[in-house]
Amino acid sequence: TEPGDLRRSEVFGTCSELIEVTGDAGTVTVSMPRMSLSEGSMAWVYDGDALAEVDLGLPPAPVGPEEGADALVGLYAFDLTGTEDWRAPLTALMGPEGYARAQALTGQGGPMEIEGEWVAGTGCAPHRCGETSAALAVHRRDGRLLVALWDAGEGLAVWGDTGAPLPPSVAGVLAMAGR
């Protein structure tokens, strides 16, 4: 700006505190998550006159489903639930509401590890780890998915084949739910 040349945009955003601000000689861009994590992120670009909304979607996964379960070791459950590459297989398994719930309940957690025939990771909702728990597992041989989510207020939900020996992470979520 120059003295006397201050301008202001219209109100925008999602109220998220997770913002990223970038700019160049002609624009300022503010990026932040949408209100629903399953919808990814948005950016607002202000050029001094107009504010443009840009849908950024979900980021790509560091490892896609086609790379096999063993490639997931060291990643986090949110690296799957929070990325575009895994949205389709997880939504096919869990439906849109289950997928959004998985995103919310895998916001914190440890790295995915090999658990027998599975690569599995655990998580919980940030600031609610005592009352939520999640496990996401990918079978090492055939890539099938197994997801268990528990929330003290919403109960237990499980998707995938629970007939085979369960990975310890999934069994742990079931134990928290009293099953």
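The values are calculated or read from the model by the stated rules, or taken from the named source; none is laboratory data. The shown structure was predicted, so the numbers you read here are calculated from the model rather than taken from an experiment. Methodologically, a virtual Cβ is constructed for each residue, glycine included, from the backbone with ideal geometry; neighbour enumeration extends over all protein chains shown. For the accessible areas, the whole protein counts, side chains as well, though only heavy atoms, and no ligand, DNA or RNA atoms are used. Shrake-Rupley method; radii C 1.70, N 1.55, O 1.52, S 1.80 Å.
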Any hit, segment 40-52, residues being open to solvent by 50 Å² or more (accessible area, probe 1.4 Å), under 23 Å from E84 (Cα atoms) and of a type in the set (D, E, K, R): no
Matching residues, segment 133-152, being assigned to a loop (DSSP other than H, G, I, E, B) and either of a type in the set (A, V, I, L, M) or in contact with a strand residue (DSSP E or B) (Cβ under 9 Å, 6 or more places away or on another chain) (or both): R140, R144, A152
Failed item in (1) open to solvent by 30 Å² or more (accessible area, probe 1.4 Å); (2) under 25 Å from E39 (Cβ atoms), with A152 passing the rest: (2)
Of all residues making up segment 69-126, the number that are on the phi > 0 side of the Ramachandran plot and surrounded by fewer than 20 Cβ atoms within 10 Å (Cβ to Cβ): 3
Condition check for V147: of a type in the set (A, V, I, L, M, F, W, C), open to solvent by 30 Å² or more (accessible area, probe 1.4 Å) and under 13 Å from M94 (Cα atoms): no
From T27, T22, T14, residue being β-branched (V, I, T), open to solvent by less than 80 Å² (accessible area, probe 1.4 Å) and under 25 Å from P96 (Cβ atoms): T14
Sole exception among (1) within 27 Å of L56 (Cβ to Cβ); (2) surrounded by 14 or more Cβ atoms within 10 Å (Cβ to Cβ); (3) at pLDDT below 95; (4) not β-branched (V, I, T) for L166, by number: (1)
Selection status of G172, part of a helix (DSSP H, G or I) and under 17 Å from the mean Cα position of the chain (by Cα): no
Qualifying positions in segment 54-93 - of a type outside the set (S, T, Y), closer than 14 Å to S41 by Cα and assigned to a loop (DSSP other than H, G, I, E, B): L58, P59, P60, G82
